[in-house]
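Each remark here refers to the structure printed beneath this line.
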Amino acid sequence: MYNLVKRQAEVEILPLALAEQVGVISYSPLGGGLLSGKYSTRNMPDAGRLVSNEMYTRRYGLPIYYEVAERFTEHAQERGIHPAALAVAWVMSNPALTAPIIGARNVDQLAASLAAVDVDMTPEWRAEISALSVEPAPATDRLEEKSGIVYAGAKAK
């Protein structure tokens, strides 16, 4: 799973795949529909899998995810791009990713996701979009490296 609200793969899986030249085919680039442009903090779903399917509710039910979806949708609209196209393009722009698996319930949804191939995602734009989300925490054994803290008895290099 890899999308703007579920970025944990960036911590270890995607860097390893890139380093070892292993292909990665991710799923759920739209976050179960959360990043499709339909949802925000003011427009919560009344029905559908985000509320009726326990797995999706657990996975995408946190208020912060709706805040990210709202900021992301506004970003896409400001640039005149369908949020689904931009969400898929953002996923595809990760250099470790081979391809995302997209899903659609109708032709319009499919067309919006397929439009991602026409999005010219620059590294700067990718960073701008990434900043709309919460950066995933480092792996627990990497917290010391990220913080720069040296523990008693440890020698700094």
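Key figures
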quantity: In segment 4-23, the residues that are surrounded by 15 or more Cβ atoms within 10 Å (Cβ to Cβ) and of a type outside the set (D, E, K, R); calculated: 4, 5, 9, 11, 13, 14, 17
quantity: Unmet criterion (only one of (1) part of a loop (DSSP other than H, G, I, E, B); (2) crowded, with 19+ Cβ neighbours inside 10 Å; (3) free of Cβ contacts under 8 Å to residues at least 60 places away in the same chain; (4) within 12 Å of the chain's Cα centre (by Cα)) for residue 1; calculated: (2)
quantity: Residue selected from segment 1-60 under the condition within 17 Å of residue 105 (Cα to Cα) and of a type in the set (D, E, K, R), by the criterion modelled with the highest pLDDT; calculated: 38
quantity: Qualifying residue in segment 88-102 (condition: modelled with pLDDT of 95 or more, part of a strand (DSSP E or B) and not β-branched (Val, Ile, Thr)); calculated: yes
quantity: Residue check for residue 65: in contact with a Lys or Arg (Cβ under 9 Å, 6 or more places away or on another chain), under 18 Å from residue 132 (Cα atoms) and not acidic (Asp, Glu); calculated: yes
quantity: Single residue of 66, 39 found to be among the aromatic types (Phe, Trp, Tyr) and part of a loop (DSSP other than H, G, I, E, B); calculated: 39
quantity: Considering residues of segment 105-138 that are surrounded by fewer than 16 Cβ atoms within 10 Å (Cβ to Cβ) and among the small types (Gly, Ala, Ser) only, the residue nearest to residue 68 (Cα to Cα); calculated: 131
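The values are calculated or read from the model by the stated rules, or taken from the named source; none is laboratory data. Everything numeric here is computed off the predicted structure, so don't read it as measured data. Cβ sites come from the backbone with ideal geometry, for glycine too, and all protein chains shown count toward neighbours.
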